[in-house]
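Enquirer: Below are the structure tokens for one structure; questions will follow.
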Amino acid sequence: MIPTIFAPATAPGRGGVAIVRVSGPRAGDALTILTGRRLPAPRTAAVARLADPRSGEFLDHGLVLWFPAPRSFTGEDVAEFHVHGGRAVVAGLIDALSALEGFRIAEPGEFSRRGFENGKFDLTAAEAIADLVDAETSAQRRQALRQMEGELGRLYEDWRHRLTHALAHLEADIDFPDEDLPEGVSDQVRPVLESLIAGLRTHLDDKRRGERLRDGIHIAILGAPNAGKSSLLNALARREAAIVSERAGTTRDVVEVHLDLGGYPVVLADTAGLREAADEIESEGIRRALARAAQADLKLAVFDATSLPDLDPQTLAVVDEDALVVLNKCDRVAPPEMTVEGRVALAVSAVTGDGLAKLLEKLTAEVARRFEAPGVPALTRARHRSALEECVRSLERALSAPLPELAAEDVRIAIRALGRITGRVDVEDLLDVIFRDFCIGK
């Protein structure tokens, strides 16, 4: 018999309310046994007195809810206990449930797994639930909600459906060569595969914006020693995250802070000053700074405004289309309006805060432009990317296959790759497609 599982559905610790969820064939028994009452009306909260069935000890007054299958999160019978959030209350309720026959504590992620197995959602939606729980910014929340509502899963299922039809045409051409089939069945497949390859490549060529929104967008602060990089980091972070000193070369390693930048998760990194290294330790710091620059999604190239019109060549070398140019120390000197390597320079003072609002506005707009595209589903995980890349390779092989049998096998591999993303790996509906497309009226 399938065990009935239970676990707290709220974070551990002290709180006003805690929720304990129960799912499985005996979820209803948990409600009737602990409350001594009949089941409440489905999806309606009811006040109940909860007691330990072994001793009759009073546990708490709370709300109970009943979600009969299949209209529940897991697709099974589900009960929820909404009790006061003290540790002792939750512990007492968990202990009472543990004593019931056929009950056990849920494993991590087991509620979501049962929901997936019972067809309540696909794997992409299950992953989105985890992303929504972990979301720390509004952009992460929006992305997780779109995926949880099936936006990504529907895209992949549409591609899988189109490939299944293409495979049906190939199989018909192979298995029924003497049947009265439309001419050029295999020729009808080529434009479908070419169109899908183009769509897959466009989807993959997204600069990993979905993965960046999940994990954090990396911005590196680069510049010469004493350009004010650490002061700028502290000003943007609104705390003293990095050591600030008049002594050149104070920052030797990469210092990171995590920010919510207009709703986007950002990892801002202060780096060692770019110059000819004085020793091997500074040389390693500069190497790490340049490595971080190469990996960063965006860069802040910081120049010392008091050194104008001279611009240090090491910092100039990192200014490209992914860089914003910052002229720091404008409290000491008013820098002229200028462009550096075609980029408009932003004048700021990390000490007084002048220009920081404009810098943040520009930085937020740049992040939004690059990492959020409304209406376009984004890849959010490396496993999605790997499966889609395999799908593209298989379809490219299918286009150049010398025999229809080889092309069909490559299309099958592509279908399975898409199916792995959503958790649907079978191709059993292929026979239905063949029957509907080719055998009606025969």
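Quick note: the coordinates plus some simple rules give every number you see, no bench work behind them. In this text, all values refer to a predicted model and were calculated from it rather than measured experimentally. When we count neighbours, we look across all protein chains shown, and the Cβ atoms used for this are built from the backbone with ideal geometry, even at glycine.
Enquirer: Can you bin region 23-170 into rounded, prolate or oblate? Criterion: square roots of the alpha carbon gyration tensor eigenvalues sorted a ≥ b ≥ c, rounded for a/c under 1.5, prolate for a/b above b/c, oblate for the rest.
Expert: prolate
Enquirer: Also, quick follow-up: Straight-line reach only, C-alpha to C-alpha below 25 angstrom: list the lysines that LYS207 could link to, leaving out same-chain residues fewer than 8 apart.
Expert: List returned: LYS299, LYS362.
Enquirer: What GluC sites (Glu not before Pro) does region 262-358 have in DSSP loop regions with at most 12 other beta carbons within 10 Å?
Expert: Those that pass, being in a loop and sparsely packed, are GLU276, GLU321, GLU337.
Enquirer: For the peptides 303-313, 260-270, 99-109, what is the packing order when you average, over each peptide's residues, the other Cβ atoms within 10 Å and list the highest mean first?
Expert: Descending mean neighbour count gives 260-270, 303-313, 99-109.
Enquirer: Let me ask something else. Which GluC sites (Glu not before Pro) in region 194-242 sit in a loop by DSSP (not H, G, I, E or B) and have at most 10 other Cβ atoms within 10 Å of their own Cβ?
Expert: Passing both the DSSP loop test and the Cβ count: no residue.
Enquirer: Rounded to the nearest 5, what % of the DSSP beta bridges within the chain are antiparallel ones?
Expert: Percent antiparallel among DSSP bridges in the chain is about 60.
Enquirer: What does the helix-only formula give at 222 nm for the chain: each DSSP H stretch with n ≥ 4 adding -39500 (n - 2.57), the total divided by the residues, and the result rounded to the nearest 500 deg cm²/dmol?
Expert: Only helices count here, giving -14000 deg cm²/dmol.
Enquirer: With viscosity set to 0.890 mPa s and temperature to 25 °C, compute the Stokes-Einstein D of region 370-418, Rh being the Kirkwood radius across alpha carbon pairs; µm²/s, no decimals.
Expert: 204 µm²/s
Enquirer: Describe numerically, in nm with one decimal, the distance between label points set 7 Å from Cα along Cα→Cβ at ALA317 and at ASP215.
Expert: Placing both labels 7 Å beyond Cα along the Cβ direction yields 2.7 nm.
Enquirer: While we're here: Just PHE81, PHE371, PHE121 to compare: in a GNM of the chain, with alpha carbon springs under 10 Å, which one fluctuates most?
Expert: Between PHE81, PHE371, PHE121, it is PHE81 that shows the largest mean-square fluctuation.
Enquirer: Quickly rank 326-334, 378-386, 215-223, 132-140 as a protection proxy: mean count of other C-beta atoms within 10 Å, highest first.
Expert: 215-223, 326-334, 378-386, 132-140
Enquirer: Another question about this same structure. Give the Cα extents of region 76-116 along the principal axes, in whole Å, largest first.
Expert: Projected onto the principal axes, the Cα atoms of region 76-116 cover 32, 23, 19 Å.
Enquirer: Taking 0.36 nm per residue of sequence separation and subtracting the Cα-Cα distance, how much length would be gained by fully extending the chain between ARG54 and ILE281, in nm to one decimal?
Expert: Full extension of this stretch gives 75.0 nm more.
Enquirer: Once the Cβ-Cβ distance between ILE105 and SER138 is put in as r, and R0 is 35 Å, what FRET efficiency do you end up with, to the nearest 0.05?
Expert: 0.55
Enquirer: Something else about it: How long are the semi-axes of the ellipsoid equivalent to the chain, from square roots of 5 times the Cα gyration tensor eigenvalues, in whole Å, largest first?
Expert: Calculated on Cα positions only, the semi-axes equal 50, 40, 16 Å.
Enquirer: As an exercise, find the ratio Rg/Rh for region 1-41 from alpha-carbon atoms, using the Kirkwood inverse-distance average for Rh.
Expert: 1.04
Enquirer: Over the C-alpha atoms of region 27-87, what are the Rg and the largest Cα-to-Cα span, Dmax, in Å?
Expert: Answer for region 27-87, Rg first and Dmax second: 11.6, 33 Å.
Enquirer: OK, next. What distance in nm separates the simple spin-label points at MET338 and SER98, each placed 7 Å from Cα in the Cβ direction?
Expert: That separation, rounded to one decimal, is 6.9 nm.
Enquirer: Name the shape class, rounded, prolate or oblate, that the alpha-carbon gyration tensor gives for region 102-171, where a ≥ b ≥ c are the square roots of its eigenvalues, rounded holds for a/c under 1.5, and otherwise prolate holds if a/b is larger than b/c and oblate otherwise.
Expert: It is oblate, given that a/c is not under 1.5 and a/b is not larger than b/c.
Enquirer: Among ALA27, ALA69, ALA91, whose mean-square fluctuation peaks in a Gaussian network model of the chain (Cα, cutoff 10 Å)?
Expert: Taking springs between Cα atoms under 10 Å, the residue moving most is ALA91.
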